Amino acid sequence: MQQDTKRGLTLIAPPLVYALALLAGPLAAIVVFSFWTQDYLTIDRTLTLANYREALTDPIYRTIMARSLWISGAVTVITVILAFPVAYYVSFRVRPDRKSLWLFLITIPFWTSYLLRIFLWKVILGYNGVLNSSLTGLGIIDEPLTFILYNANAVIITLSHAFAPFAILPIFVALEKIDRSLLEASRDLGEGAVTTFLRVTLPLAAPGVVAALLIVFIPTVGDYVTPAQVGGPGGLMIANMIQTQFLGLNNAPMGATLAVIAMALVTIIALATVWIARRLAGGR
């Protein structure tokens with residue numbers, strides 16, 4: 001038994017060391033940097049909490065962080081709500097021999113560059129873009145809409161489209177695992193389609209929904225490219241401020257501090273989401 005254990009540890013040791021070097025190492029460096037200060041090119045390695053005090057008390061940082069969480073939350077809710085019907089249709093309405101084709105079509109956006117998709121949304125949402133030109137041509141509006149680009153609305157729309165496949169796939173997997181005989185039993189007991197969905201299908205699909213929530217929320221908080229391209233001054237997020245601190249203001253410790261705070265907030269929200277989901281599941 002001990003020999004098997006040693007053999008197993010020997011097998012996992014190289015990838016474990018590799019993972020620690022590439023993941024834990026940079027994270028540890030960011031945390032250490034956050035307790036230092038910098039005066040242009042000179043870094044003071046004296047440990048201090050000054051960066052955290054400034055980040056938590058400065059209204060600019062708090063506003064940007066709150067905006068980042070709000071945008072990511074809105075993107076997550078919209079994406080999951082729109083993704084669930086698609087996943088449900090593919091799982092329950094598409095013939096088994098056609099499901100692979102549908103999944104293939106869902107992943108087609110991954111074939112193109114993420115940056116290219118953002119530029120396409122700029123073309124669609126622009127002042128003289130596809131959307132405004134179509135609405136003006138149809139006589140629905142008299143002048144182009146100005147609230148759909150270079151603000152938080154544009155960031156939400158673009159991110160919701162970009163992360164839709166990430167929400168559809170885990171929900172689809174959860175729906176596929178549902179035993180169809182349970183749905184038949186519910187109908188045999190006199191439950192209607194809506195009641196069966198609310199009391200059987202939705203609770204059993206909850207793990208996929210929770211996974212979709214986390215998969216969408218976590219990366220969107222730290223998204224940098226989308227706010228930079230379509231956000232404008234009112235749509236910038238915390239990642240843009242971190243980039244400014246590192247490269248624009250040459251203040252790496254403050255950028256590291258903002259990164260640590262963002263990671264901490266995302267971790268707390270993710271753990272709270274999982275805890276609430278487990279509580280709800282246990283309550284049933």
Would you mind classifying the chain by shape? Square roots of the alpha carbon gyration tensor eigenvalues, ordered a ≥ b ≥ c; an a/c under 1.5 is rounded, otherwise it is prolate if a/b is larger than b/c and oblate if not. oblate
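For Cα pairs less than 8 Å apart in space and 6+ apart in sequence, what is the mean separation divided by the residue count of the range 105-216, i.e. the relative contact order in percent?
Relative contact order for the range 105-216 comes out at 24 percent.
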Roll a 1.4 Å probe over the protein chains and send me the accessible area per residue for the range 54-154 in Å². 61
What helices in the chain pass both tests, a Cα length along the helix axis of 30 Å or more and a mean Kyte hydropathy of 0.5 or higher, using whole DSSP H runs? 59-92, 252-283
Those trypsin sites (Lys or Arg not before Pro) from the range 20-127 that are DSSP loop and have at most 15 other Cβ neighbours within 10 Å turn out to be Arg45, Arg93
DSSP loop trypsin sites (Lys or Arg not before Pro) in the range 157-232 with at most 16 other Cβ atoms within 10 Å of their Cβ, which ones? Lys177
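Any idea what the dipole of the chain comes to, in debye rounded to 20, about its Cα centre with Lys/Arg Cβ at +1 and Asp/Glu Cβ at -1? Write down the numbers at each step before the final one.
Working: 19 positive and 14 negative charges, 143 e Å.
With Lys and Arg at +1 and Asp and Glu at -1, about 680 debye.
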For n ≥ 4 DSSP H runs only, could you compute -39500 (n - 2.57) per run for the chain, divide by its residues and tell me the 222 nm figure to the nearest 500? -21500 deg cm²/dmol
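Quick one: pull the percent of accessible area on the chain belonging to carbon and sulfur, 1.4 Å probe, ligands and nucleic acids left out. Intermediate values should be presented prior to the final figure.
Details: 11590 of 16710 Å².
In the chain, the share of accessible area belonging to carbon and sulfur is 69 percent.
The values are calculated or read from the model by the stated rules, or taken from the named source; none is laboratory data. The structure presented is a predicted model; accordingly, all values stated were derived computationally and were not measured. Using ideal geometry, Cβ is built from the backbone for each residue, glycine included, and neighbour counts are taken over all protein chains shown. Only protein heavy atoms, including side chains, enter the accessible area calculation; ligands, DNA and RNA are left aside. Shrake-Rupley method; radii C 1.70, N 1.55, O 1.52, S 1.80 Å.
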